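Here the structure comes first, spelled out in structure tokens, and everything after it is commentary.
The values are calculated or read from the model by the stated rules, or taken from the named source; none is laboratory data. These numbers come from a predicted model, not from an experiment. With ideal geometry, Cβ positions are generated from the backbone for all residues, glycine too; neighbour counts draw on all protein chains shown. Ligands, DNA and RNA are stripped out before the accessible areas are found, and what is left, the full protein with its side chains, is counted by its heavy atoms. Shrake-Rupley method; radii C 1.70, N 1.55, O 1.52, S 1.80 Å.
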Amino acid sequence: MICATLDDGTPDGQLARVSEDRTTCRIAPGMSLQAMLDGAEPAWSGPECRFDPAACLSPLPRAYQFLDASAYVNHVALVRRARGAEMPESFWHDPLMYQGGSDGFLAPTAPIEGDPEWGMDFEAEVAVITGPVRMGATPREARDAIRLVMLCNDVSLRALIPGELSKGFGFVQSKPACAFSPLAVAPGALPGWDGGRLHGALRVDLNGMPFGRADAGHDMTFDFPALISHAAKTRALAAGTIIGSGTVSNRDSDGGPGRPVAQGGAGYSCIAEQRMVETLLSGSPSTPFLQPGDRIRIWMEDAAGVSLFGAIEQEVAAWP
């Protein structure tokens with residue numbers, strides 16, 4: 001199944017089932033995606049109509065819970081290095097995860113608002129939506145609880161992160177509302193899904209130029225069943241819980257931190273990584289964080305060039 005949520009003016013939107021070729025859809029009147037995840041049976045009715053990604057909200061416009069991980073430890077190492085923090089060895093064995101805001105997500109085409117002094121950055125990720133997960137669930141149980149897969153732009157305010165983390169109490173101001181792809185797709189309908197990871201290039205363009213082409217199935221230290229099981233160690237997860245992978249990040253074939261797309265590498269899924277690599281090579285970063293007018297596009301294609309999840313296409317708005 002391929003799901004989308006159309007903007008009908010209500011907080012949870014209108015659930016739609018999208019055709020395999022992503023061109024048409026059929027609605028279930030009065031039904032939201034959350035209601036379907038809670039066990040309600042959609043009554044698909046009415047004529048098939050043209051599917052317009054621009055009319056979509058994020059698949060879950062708001063959710064009971066959003067837990068974002070750092071499953072790609074290469075990314076963790078680079079970003080911590082950028083702010084002069086050592087990475088404990090335990091990070092290779094015990095997932096990092098934080099609880100993000102979930103009371104309202106941005107639509108896939110909604111602007112990103114913020115003060116450029118905050119160090120605005122995008123983070124291209126894969127995310128899953130779960131059914132109910134019992135406390136203490138095993139990775140096998142967690143895998144069976146994955147209902148849908150989508151993409152995420154987890155906006156980060158890099159200049160605010162060090163101050164918040166120095167308090168020892170986690171992210172709040174430095175993690176504003178994020179956005180998800182127009183489409184959420186059942187794992188069985190994804191050619192690159194192996195049961196725990198989604199293989200394929202996560203494509204990121206910044207201002208129309210290729211910025212990232214990292215393979216989401218490579219260098220993922222913790223797969224989604226491991227992340228879900230970790231989150232459920234001491235509490236049950238409600239149906240509709242979103243688990244993010246964290247920024248997709250690949251090492252170079254020689255084990256290095258990665259090269260830009262323009263130099264034949266896989267590039268990066270956030271600006272912070274490119275700035276860190278620039279610092280390693282030349283002593284200082286040269287790529288600025290997001291500024292008003294910058295445009296970010298995040299999507300993934302199958303072998304035939306079909307956009308699996310539609311695209312997150314956002315522009316940075318001028319801050320008053």
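For Gln173, what charge total do you get from the other residues with a beta carbon under 15 Å from its beta carbon, if Lys and Arg give +1 and Asp and Glu give -1?
On the way: positive: Arg158, Lys167, Lys175; negative: Glu113, Asp115, Glu117, Asp121, Asp154, Glu164.
That works out to -3.
Once neighbouring chains are kept in place and the probe is 1.4 Å, which whole percent of the accessible area of the chain is contributed by carbon and sulfur? Before the final figure, lay out the partial values.
Details: 7140 of 13620 Å².
Carbon and sulfur atoms account for 52 percent of the accessible area of the chain.
For Glu278 paired with Ala318, estimate the spin-label separation in nm (one decimal), with each label point 7 Å from Cα along the Cα-to-Cβ line.
So the two model labels end up 2.5 nm from each other.
Just need the Rg to Rh number for the range 255-320, please, alpha carbons only, Kirkwood Rh. Could the numbers behind the result be given before it?
On the way: Rg = 14.8 Å, Rh = 14.0 Å.
That ratio is 1.05, to two decimals.
GNM, the chain, Cα, under 10 Å: largest mean-square fluctuation among Pro132, Pro187, Pro29?
Largest GNM mean-square fluctuation: Pro29.
Give the calculated FRET efficiency between Lys167 and Asp8 to the nearest 0.05, with a Förster radius of 45 Å applied to their Cβ-Cβ distance.
On the way: r = 41 Å, r/R0 = 0.90.
That gives a FRET efficiency of 0.65.
What does the net charge come to around Pro116 if you take all other residues with beta carbon closer than 12 Å to its beta carbon, with K and R at +1 and D and E at -1?
Numbers: positive: Arg158; negative: Glu113, Asp115, Glu117, Asp121, Asp294.
Here the charged neighbours net out to -4.
Note down the net charge around Pro11, summing +1 for each Lys or Arg and -1 for each Asp or Glu among other residues with Cβ under 11 Å from its Cβ. List each step's numbers first, then the result.
Details: positive: Arg62; negative: Asp7, Asp8, Asp12, Asp103.
Result for the neighbourhood of Pro11: -3.
Hey, what's the chain come to in accessible area per residue, 1.4 Å probe, Å²?
Working: 13620 Å² over 320 residues.
That works out to 43 Å² for each residue.
Counting Lys and Arg as +1 and Asp and Glu as -1, each charge on the Cβ, what is the dipole of the chain about the Cα centre in debye, to the nearest 20? Don't skip to the end; give the middle numbers.
On the way: 25 positive and 38 negative charges, 92 e Å.
Roughly 440 debye, rounded to the nearest 20.
Looking at the calculated P(r) for the range 1-82, what percent of the C-alpha pair distances fall above 18 Å? Before the final figure, lay out the partial values.
On the way: 1660 of 3321 pairs.
Considering the range 1-82, 50 percent of its Cα-Cα pairs are separated by more than 18 Å.
For the ranges 150-161, 195-206, 242-253, what's the packing order if you count other beta-carbon atoms within 10 Å of each residue, average per peptide, and put the highest first?
On the way: 150-161: 23.5, 195-206: 20.4, 242-253: 25.5.
Most protected by this proxy first, the peptides run 242-253, 150-161, 195-206.
For an R0 of 25 angstrom, estimate the FRET efficiency from the Cβ-Cβ distance between Ser45 and Ser307 and round to the nearest 0.05. Kindly include the intermediate steps, with their values, before the conclusion.
Numbers: r = 27 Å, r/R0 = 1.08.
So, using R0 = 25 Å, E works out to roughly 0.40.
Run lengths n ≥ 4 of DSSP H only: what is the helix-derived mean residue ellipticity at 222 nm for the chain, with -39500 (n - 2.57) per run over all residues, to the nearest 500? If you can, show how the numbers build up before the last one.
Working: 6 runs with 47 residues, N = 320.
That comes out to -4000 deg cm²/dmol.
Taking one equal scatterer on every alpha-carbon of the range 83-179, how large is log10 of I(q)/I(0) by Debye at q = 0.12, 0.13, 0.23 1/Å?
Values, matching the q order: -0.53, -0.62, -1.31.
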